């Protein structure tokens with residue numbers, strides 16, 4: 001596992017855009033169907049926009065129709081952490097980057113095979129590193 005990235009909230013504010021800070025550090029959500037990667041089919045690796053850790057591979061991305069990029073598995077089980085989230089009167093599982101603890105989105109049990117999971121991730125939480133041709 002990678003070394004933990006620790007910064008003060010002021011340091012995060014300086015490094016991230018206001019929208020990235022709102023989502024990644026304050027557990028916000030971008031509007032559905034507005035994110036840069038929602039419909040992207042570009043091959044590559046999706047990294048954490050805050051610390052650069054590899055999170056998802058494009059081969060695990062699928063069109064769920066939910067309005068956010070969706071993946072059926074992370075790049076490795078050690079790349080993300082799952083936490084109970086009881087906000088908004090719902091019981092959900094929040095997904096965070098295991099390296100910097102930034103909020104990515106949520107995981108739901110309604111995804112495709114082989115995992116049956118749908119990692120519903122905010123585009124602003126990700127940075128696509130395209131595959132070289």
Segment 50-67: number of residues that are under 14 Å from residue 130 (Cα atoms) and either in contact with a strand residue (DSSP E or B) (Cβ under 7 Å, 6 or more places away or on another chain) or in contact (Cβ under 8 Å) with a residue 40 or more places away in the chain (or both): 7
Counted residues, segment 77-86 - those being in contact (Cβ under 8 Å) with a residue 60 or more places away in the chain and either closer than 13 Å to residue 24 by Cα or surrounded by 14 or more Cβ atoms within 10 Å (Cβ to Cβ) (or both): 0
If residue 10 passes every condition in (1) within 13 Å of residue 127 (Cβ to Cβ); (2) without any contact (Cβ under 8 Å) to a residue 12 or more places away in the chain but one, which one does it miss? (1)
Specify the residue that is surrounded by the fewest Cβ atoms within 10 Å (Cβ to Cβ); the eligible residues are those in segment 87-131 that are touching a helix residue (DSSP H, G or I) at 6+ places or on another chain (Cβ under 6 Å) and assigned to a helix (DSSP H, G or I). 124
Mind counting the residues in segment 13-31 that are over 20 Å from residue 94 (Cα atoms) and surrounded by 16 or more Cβ atoms within 10 Å (Cβ to Cβ)? 1
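Each reported figure results from applying straightforward, stated rules to the coordinates on display, with no laboratory input. These numbers were taken from a predicted model, which means no experiment stands behind them. Counting neighbours? That spans all protein chains shown, and the Cβs are built from the backbone with ideal geometry, glycine included.
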